[in-house]
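The values are calculated or read from the model by the stated rules, or taken from the named source; none is laboratory data. Computed from a predicted structure; not experimentally measured. Cβ coordinates were reconstructed from backbone atoms using ideal geometry, including for glycine residues, and neighbour counts include every protein chain displayed.
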Amino acid sequence: MVFIVAIKVKRNNEFTELLQRNLKARYEEGKRIDSIAHVSDIIPTTCIRKQYYARKFPDNESISNETVHHFVRGESSEFVITQLADMGVAQTNIEMDGIVAHPDIMTGNKDTIVELKDTVAGKRLDFYDETFRSYLRQLLYYLVMTNIEKGIISIRYNIKELKWIKSDSQGDYFFRPFGAKDAGIESWEVVLPTGDIAREILKNEMVRRKNLFLRALSENNESILPRLIDEAKRNKCPYCQFYHKCIYQDSESDEAKKMAKEVDLLDIKSIVDFNPSE
């Protein structure tokens with residue numbers, strides 16, 4: 001019996017590299033080099049100094065394959081869910097006092113804003129998690145900018161729930177508990193009444209951080225921008241491409257240090273009524 005090799009299977013690195021180049025080019029298109037303050041630049045849980053460095057030194061911002069794929073996954077997930085939700089206008093432009101934003105969805109009658117998030121983290125997020133608070137702060141800023149009372153944070157989890165055990169020199173260790181939550185979507189409703197004093201506090205916070213950010217850009221002065229502190233500094237700073245410059249080369253003013261230690265509005269008792277059971 002004679003066998004003829006008719007089917008050939010081999011690795012095609014050329015096509016993989018083509019996709020990687022095009023994905024990186026798409027990611028590069030979204031990088032900001034302007035002098036406009038976006039909501040994502042000034043959220044307290046985001047490092048405002050990193051946003052400054054990314055504008056001043058765009059060529060020094062490294063882009064890994066993991067970063068690119070996170071970007072593409074988020075973009076595709078956002079597109080699909082926006083289409084499925086069929087609630088209103090996607091990526092509408094809003095502006096307040098020189099701050100610009102692009103909420104994922106604004107309903108047709110403009111009474112609700114929806115912010116879509118996508119994560120591969122095994123941990124399920126709630127109000128006591130720093131990532132969730134960054135989502136919440138972003139949505140609250142949108143509500144203040146639009147004078148809308150109601151918003152929704154919809155988080156898409158791509159993997160089944162995992163619990164963290166420990167970290168050592170070999171890496172992080174997780175386990176999957178019995179009854180772990182499946183991959184899927186969790187949505188949270190957020191209500192901020194139009195007459196609530198928290199709106200004015202948030203607005204003042206936004207304008208203050210916007211003015212500081214734009215001043216730093218115009219004066220080429222990173223020292224007036226606060227660094228991250230505490231847990232956020234431990235978790236984020238060592239992995240930042242601007243870490244050495246920020247920590248060892250550039251200074252931080254006394255005013256910036258004081259600003260970094262100010263009490264967060266969300267940490268004040270009675271400000272947030274969090275009820276995960278409803």
Item to check | Residues of the stretch 203-236 satisfying the condition of being over 22 Å from S134 (Cα atoms), polar (S, T, N, Q) and part of a helix (DSSP H, G or I) | outcome: S218, S223
Next on the checklist: Just checking, does the stretch 109-116 include any residue being among the acidic types (D, E), out of contact with any strand residue (DSSP E or B) (no Cβ under 8 Å at 6 or more places or on another chain) and not in a helix (DSSP H, G or I)?
Outcome noted: no
Next on the checklist: Can you tell me which of (1) within 20 Å of R209 (Cα to Cα); (2) at pLDDT 90 or above is the one K233 doesn't meet?
Outcome noted: (2)
Checklist outcome for this item: Across the stretch 106-123, the tally of residues that are closer than 10 Å to I155 by Cβ and in contact with a Ser or Thr (Cβ under 6 Å, 6 or more places away or on another chain) stands at 2
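To keep it simple, each residue is scored yes or no on (1) under 24 Å from the mean Cα position of the chain (by Cα); (2) loosely packed, with under 13 Cβ neighbours inside 10 Å; (3) more than 19 Å from E262 (Cβ to Cβ).
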{"site": "G151", "(1), (2), (3)": "yes, no, yes"}
{"site": "Y173", "(1), (2), (3)": "no, yes, yes"}
{"site": "E186", "(1), (2), (3)": "yes, no, yes"}
{"site": "V191", "(1), (2), (3)": "yes, yes, yes"}
{"site": "E205", "(1), (2), (3)": "yes, no, no"}
{"site": "L212", "(1), (2), (3)": "yes, no, no"}
{"site": "L217", "(1), (2), (3)": "yes, no, yes"}
{"site": "L225", "(1), (2), (3)": "yes, no, no"}
Next on the checklist: So, R156, is that one of a type in the set (D, E, K, R) and either within 15 Å of I99 (Cβ to Cβ) or surrounded by 17 or more Cβ atoms within 10 Å (Cβ to Cβ) (or both) or not?
Outcome noted: yes
Checklist entry - Taking the stretch 238-275 only, how many residues are among the hydrophobic types (A, V, I, L, M, F, W, C) and free of Cβ contacts under 8 Å to residues at least 60 places away in the same chain? => result 6
Checklist entry - Of the residues that make up the stretch 233-254, is at least one in contact with a Leu (Cβ under 7 Å, 6 or more places away or on another chain), surrounded by fewer than 18 Cβ atoms within 10 Å (Cβ to Cβ) and of a type outside the set (D, E)? => result yes
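Select, from K117, K123, the only residue that is over 15 Å from G151 (Cβ atoms), at pLDDT 85 or above and not β-branched (V, I, T). Reasoning before the result, please.
On the way: K117 fails: over 15 Å from G151 (Cβ atoms).
Checking each option against the conditions leaves just K123.
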Checklist entry - How about the stretch 212-234: which of its residues are touching an Asp or Glu at 6+ places or on another chain (Cβ under 8 Å) and free of Cβ contacts under 8 Å to residues at least 40 places away in the same chain? => result S223, I224
Checklist entry - Restricting the first residue to the stretch 136-155 and requiring it to be part of a loop (DSSP other than H, G, I, E, B), which pairs with a second residue that is surrounded by fewer than 21 Cβ atoms within 10 Å (Cβ to Cβ) and among the charged types (D, E, K, R) meet a Cβ separation below 7 Å and a spacing of at least six or different chains? => result I148/K110; I148/D111
